[in-house]
Structure formats: structure tokens, C-alpha cells
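A.B. asks: Structure incoming, see below.
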Amino acid sequence: MTFAKVLIVVSVAAGALLARPAPASAALKLCNQTSYIVYAAIGAATKTELDTRGWTRIVPGDCQMPIPDPLSAPAYFIYAHTSQAHSGSSRAWGGAVQICARDTNFAQRMKLPAHGCQGNDFYKMPFAVLDRHGNPSWTTTFTESPALKTLKDARRAGVNRLLEDLGYHVNVPGERARDLALEDFHKRMKLPADASEADLFDALETEATKAAAPAGYTVCNDTDEPLWAAIALQTPKGFVTRGWWQVSPGACSRVLTEALKTDSVYLLAEHKAKHVVVSGATKLCVANFEFEIAARAACTGKGRTPMGFAVTTTKGRAGYVAHIGDNGLLAPAPPPHKAGTAK
């Protein structure tokens with residue numbers, strides 16, 4: 001189904017959505033009543049334009065407002081997926097409306113009718129129509145199981161799921177296994193005893209992402225400042241360089257989403273102030289703005305310059321996670337925590 005033909009409310013696949021009017025003080029509120037960390041993208045359309053933005057991160061048992069203003073557009077759309085930190089197959093909530101988005105954070109305005117995606121890293125994702133019944137405020141809740149009856153239930157299940165993703169066995173009768181796992185995780189991460197739930201979820205997701213090594217190429221920022229990353233791939237016709245991806249402190253960005261079929265991926269990373277953190281001997285062309293440059297293109301012109309890329313060996317791997325610290329690339333993450341060693 002194309003955007004121009006959307007006239008009905010589409011069903012939601014691989015999960016469930018509950019929708020209800022929200023108080024006047026809210027605009028669009030998204031609540032997560034699942035055991036997964038969820039990332040959501042939103043689209044708003046008029047007769048002539050489509051605005052899309054993503055991704056809003058919602059931890060289990062929490063709510064976020066991606067649109068803080070009253071809902072006045074004729075049509076709204078939504079798509080969400082689970083965090084790449086979770087083991088096993090990913091889950092998604094969407095529908096049959098094909099709208100362009102990308103895997104990293106984005107905000108895009110397109111003129112309608114739109115016949116294709118703008119930018120090489122954008123592709124069509126299956127959004128659902130958000131039927132707010134004309135209300136200026138609305139709450140949508142992502143649900144998973146009847147056993148998770150409240151946001152509090154989801155919060156607890158979410159912590160348990162991430163602990164399981166890290167190799168702890170906590171989904172057993174009684175509380176001791178969970179208590180020991182949380183105690184061990186706090187010690188390993190040097191989290192204070194009174195760490196907030198937000199800090200706990202941040203640490204759990206980051207560590208689970210390190211262990212997961214999802215298909216594709218992921219860049220994790222283990223520094224205290226935002227990073228900008230660029231990559232290069234060798235093709236039969238030469239190198240192709242792409243950038244930039246912004247990676248927030250303590251976060252990860254999946255810059256390639258398909259399983260790797262190459263022996264090496266070349267990486268460049270720098271702080272916002274142009275302080276280079278990761279580089280190497282392979283000189284390739286980059287630009288000051290979002291770019292994709294083929295080897296045959298001359299590295300001349302405004303904003304283009306050659307810079308050194310570091311090589312990361314990906315031979316035999318479907319997924320690779322590059323961790324960047326203050327002094328450059330870090331050693332590969334240790335294997336997931338083994339059950340039974342919590343003390």
C-alpha cells in the first residue's frame with residue numbers, strides 16, 4: 001500500500017497497540033507496556049507534505065511524548081521496533097503504509113506525492129495509521145502479553161529480560177536469583193546502590209548491545225562526548241565512504257544493518273570539535289556534511305578532504321560491534337556473563 005492510497009486504518013503486526021484519549025496537557029504520548037526497550041518513529045501528513053522523525057526510545061514501564069504539541073495534522077503514522085540489544089528475533093509494531101525512514105535518528109520533510117526515498121540510507125518501513133479519532137491529544141500503548149497488566153509489571157519484566165540477555169538466569173521462582181544478578185551487575189558497572197531506573201536501563205542496554213553483536217556493523221560510543229562516525233567499504237570498483245552517523249555518549253548506532261559479507265570495514269570517528277578519536281593509515285575521502293563518495297570521485301571541492309581510516313577485521317562475522325573509548329578503538333567486548341557466577 002502506498003501513502004497516496006491510505007484511506008483505512010491498517011492492522012498492527014508482530015505485537016499490539018492500545019490507543020486511548022489523553023489529557024489535554026499531553027499531545028502524543030507513547031507508553032511501553034512490554035518487556036522490551038522500544039524505539040518508535042512518527043509520521044504526520046497534510047495534503048502536500050509528510051514529516052517523519054525517529055527514534056523515540058521508550059524503556060519498559062515508561063512513557064514518552066514524541067509530539068508535545070496538539071495533534072492538528074489530518075493523518076498520523078507510527079512504526080516501532082525493539083532494541084538491537086535484545087537477544088533472539090526482533091519485534092516490530094507497524095502496518096501496511098510504506099513510509100521512508102532510516103535506522104539511525106532522523107527528521108525528514110517530504111513533498112507529496114512521494115515516489116521514492118531521499119538519501120541512500122533511507123528505505124521504506126511498514127508504518128500503521130494512528131487513528132486518534134480527531135482528538136488533539138492521544139496515548140498509544142505498546143503491549144506484549146496479558147501477563148503484563150501494568151507499566152510496573154512491564155518495568156520489572158524489562159529489567160529481567162535484559163539481565164537474561166546478558167546471561168543471568170533470573171526468570172526462576174523466588175527473588176534471590178534476580179537480587180544476586182542485580183547486585184552483581186551494579187558492582188561490575190560500578191553503579192551506585194541508589195542508581196535510578198533510567199541509569200539502570202541505560203547500562204543494561206549498552207552492555208547487552210556489546211554482547212549481542214547484531215548482524216551488520218554497530219558503533220558504540222564509550223566516551224563522555226558525542227561522536228561522529230564514518231565508514232568505508234571496499235567494492236570491486238574501489239572504496240566507498242559514507243558518513244556521518246552521530247553516536248551519543250554511552251549509546252550505539254547500527255550503521256550497517258545487513259549481515260556482513262566483507263573481510264574488513266574501515267572506520268573513522270571524531271568528536272564534534274573535529275578531534276579525531278579513531279583513524280588509520282588508509283587515506284579516503286570524506287565531506288563535512290552527510291555523504292557517500294565512490295572511489296572514482298575526486299576528493300576535491302568544497303568540504304571534501306582525505307582522512308585516514310582504521311581497519312576493523314570482520315572476516316567470518318555476520319555482525320561486528322566497534323567500541324570507541326577516549327583513546328580510540330577498544331578491545332572486543334568479553335562474552336556474555338555466565339549464569340551461576342553472581343556473588
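Computed from the coordinates by the stated procedures, all read-outs in this text should not be read as laboratory data. Please read all numbers here as calculations on a predicted model, not as lab measurements. Counting neighbours? That spans all protein chains shown, and the Cβs are built from the backbone with ideal geometry, glycine included.
A.B. asks: What number do you get for the range 117-190 when its Cα radius of gyration is normalised by 2.2 N^0.38 Å, N = residues?
C.D. replies: In units of the 2.2 N^0.38 Å rule of thumb, it is 1.69.
A.B. asks: Also: At a temperature of 25 °C and a viscosity of 0.890 mPa s, determine how fast the range 162-212 diffuses translationally according to Stokes-Einstein, using the Kirkwood radius over alpha-carbon pairs as Rh; express D in µm²/s, rounded to the nearest whole number.
C.D. replies: In µm²/s, the coefficient rounds to 218.
A.B. asks: Using the C-alpha atoms of the range 223-305, what convex hull volume per residue, in cubic angstrom, is computed?
C.D. replies: 104 Å³
A.B. asks: Something else now. Looking at the chain, do any whole DSSP H helices span at least 15 angstrom along their long axis by alpha carbon and average 1.0 or above on Kyte-Doolittle, and which?
C.D. replies: Membrane-span-like by this criterion, though nothing is claimed about a membrane: none.
A.B. asks: I would also like to ask the following. How long is the gain from Asn288 to Ser90 if the chain were fully straight, where each residue apart is worth 0.36 nm and the alpha carbon distance is subtracted?
C.D. replies: 67.9 nm
A.B. asks: Here is a further query. Treat each spin label as a single point 7 Å out from the Cα along the C-beta direction, and report the Lys124 to Lys237 distance in nm.
C.D. replies: Result: 2.5 nm between the two label points.
A.B. asks: What FRET efficiency would be calculated for the residue pair Asp263, Asn327, taking the C-beta separation as r and a Förster radius of 22 Å, to the nearest 0.05?
C.D. replies: It comes to 0.30.
A.B. asks: Computed FRET efficiency, Cβ-Cβ of His133 and Lys47, R0 22 Å: what is it to the nearest 0.05?
C.D. replies: Taking R0 as 22 Å, the efficiency between His133 and Lys47 is 0.65.
A.B. asks: Hey, another quick one. Computed on alpha carbon atoms, what radius of gyration and Dmax characterise the range 29-85, expressed in Å?
C.D. replies: Over the range 29-85's Cα set, Rg and Dmax evaluate to 12.3, 38 Å.
A.B. asks: For the chain, divide the Cα radius of gyration by the Kirkwood radius and give the resulting Rg/Rh value with two decimals.
C.D. replies: 0.99
A.B. asks: From the square roots a ≥ b ≥ c of the eigenvalues of the alpha-carbon gyration tensor of the range 186-232, which class results: rounded (a/c under 1.5), prolate (a/b over b/c), or oblate?
C.D. replies: Judged from the Cα gyration tensor, the range 186-232 comes out prolate (a/c at least 1.5, a/b above b/c).
A.B. asks: Using just the helices of the chain, give the 222 nm mean residue ellipticity in deg cm²/dmol: DSSP H runs with n ≥ 4 each add -39,500 (n - 2.57), and the total is spread over all residues, rounded to 500.
C.D. replies: Calculated at 222 nm, the ellipticity per residue is -4500 deg cm²/dmol.
A.B. asks: On to the next question. Given DSSP loops and a limit of at most 14 other Cβ atoms within 10 Å, what is the longest stretch of the chain that contains no such GluC sites (Glu not before Pro)?
C.D. replies: 1-174
A.B. asks: Let me ask something else about it. Any cysteines in the chain with zero other Cys Cβ atoms under 4.7 Å from their Cβ? List them, or say none.
C.D. replies: none
A.B. asks: If the viscosity is 1.567 mPa s and the temperature 4 °C, what translational diffusion coefficient in µm²/s does Stokes-Einstein give for the range 96-244 when Rh comes from Kirkwood over Cα pairs?
C.D. replies: Translational diffusion coefficient: 65 µm²/s.
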